[in-house]
1. Taking the condition surrounded by fewer than 18 Cβ atoms within 10 Å (Cβ to Cβ), closer than 27 Å to residue 19 by Cα and of a type in the set (Lys, Arg), does residue 110 pass?
2. Only residues in region 94-108 that are free of Cβ contacts under 8 Å to residues at least 40 places away in the same chain count as the first member; pair them with residues that are open to solvent by 10 Å² or more (accessible area, probe 1.4 Å) and among the polar types (S, T, N, Q), Cβ under 9 angstrom, at least 6 apart or cross-chain, and list the lot.
3. Looking only at region 156-170, count how many residues are touching a Lys or Arg at 6+ places or on another chain (Cβ under 7 Å) and not small (Gly, Ala, Ser).
4. Could you list, in sequence order, the residues of region 38-77 that are modelled with pLDDT of 80 or more, in a loop (DSSP other than H, G, I, E, B) and open to solvent by less than 30 Å² (accessible area, probe 1.4 Å)?
5. For the structure I just gave you, tell me whether residue 163 is surrounded by 13 or more Cβ atoms within 10 Å (Cβ to Cβ), aromatic (Phe, Trp, Tyr), in a helix (DSSP H, G or I) and at pLDDT 75 or above.
6. Can residue 43 be described as within 18 Å of the chain's Cα centre (by Cα) and basic (Lys, Arg)?
7. Any idea which residue in region 103-124 is modelled with the lowest pLDDT, counting only those that are among the hydroxyl-bearing types (Ser, Thr, Tyr) and within 25 Å of residue 89 (Cβ to Cβ)?
Amino acid sequence: LFLFIKANSNRLWLIVLLAFHLLTQLPYLTKPFNVDEAQYAFKAMRLLGGYGFYSASWDNKLPGIDIIFALTGIIFGQISPFAVRLLTLFVTTITVWSFFLIVSKLFRSRISLVSSFLFAIFLVDPGVQGNMASTEIFAVSFLLMSIWCFISQKKLLTKIAPFLLGAILLFRPTMIFTVAVTIVLINKTQTPKIKQSFWSLFGKVALPLVIV
């Protein structure tokens, strides 16, 4: 048993980490919409009713969060607080998982474990809206997923990563500098096996914006 635990310590700690995150987020599943979420839900219902973006109200953001709320309505049949919270819980779980995979690749197991638990605790803090369907949460999730796809060094994932990076701007256009720096760093650190040209990366990042 000891040898099994030692050989699979990373996987077991990951299970504990995700279980911790799920348990701390469960109390928020029945929380009603806040003002911002109510606005997103209303705009999403308009989208599903056949109206265009910004027809319900004007917003200084791109419509990524409206699309997420509309997808919630398609998946669950309604845009209710519980359905939105459940989808957000799924996204934040992937976010914690991605963070763990990234730091496990870059640092020793003890550092990655401590930082991952701190990150999971940070997500629970209402002050950073980690328990809400906010644009910040989805932007951070796409950022971490894209970074993991790049550093995994797997050809298919590295091709998907730029699209995830571009999706960030659908939620937080102000993160354009973060996206730009990430593109430059990735372009400089790519291995020959997964090499993509700068313009190829740039085009894939821009594609989600062009489609919307």
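The values are calculated or read from the model by the stated rules, or taken from the named source; none is laboratory data. What you are looking at is a predicted structure, and each value in this text was computed from that prediction instead of being measured. Ideal geometry is used to build each Cβ from the backbone, glycine not excepted, and the neighbour counts take in all protein chains shown. The area values use the complete protein model at the heavy-atom level, side chains included, leaving out ligands, DNA and RNA. Shrake-Rupley method; radii C 1.70, N 1.55, O 1.52, S 1.80 Å.
1. So residue 110 passes the test.
2. 103/115; 107/115
3. 2
4. Within region 38-77, just 63 meets the criteria.
5. Against the criterion (surrounded by 13 or more Cβ atoms within 10 Å (Cβ to Cβ), aromatic (Phe, Trp, Tyr), in a helix (DSSP H, G or I) and at pLDDT 75 or above), residue 163 qualifies.
6. no
7. Among those residues, the one meeting the criterion is 112.
Okay, residues lined up against (1) farther than 23 Å from residue 25 by Cβ; (2) among the small types (Gly, Ala, Ser):
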residue: 77; (1), (2): no, yes
residue: 82; (1), (2): no, no
residue: 97; (1), (2): no, no
residue: 139; (1), (2): no, yes
residue: 142; (1), (2): no, no
residue: 152; (1), (2): yes, yes
residue: 155; (1), (2): yes, no
residue: 161; (1), (2): yes, yes
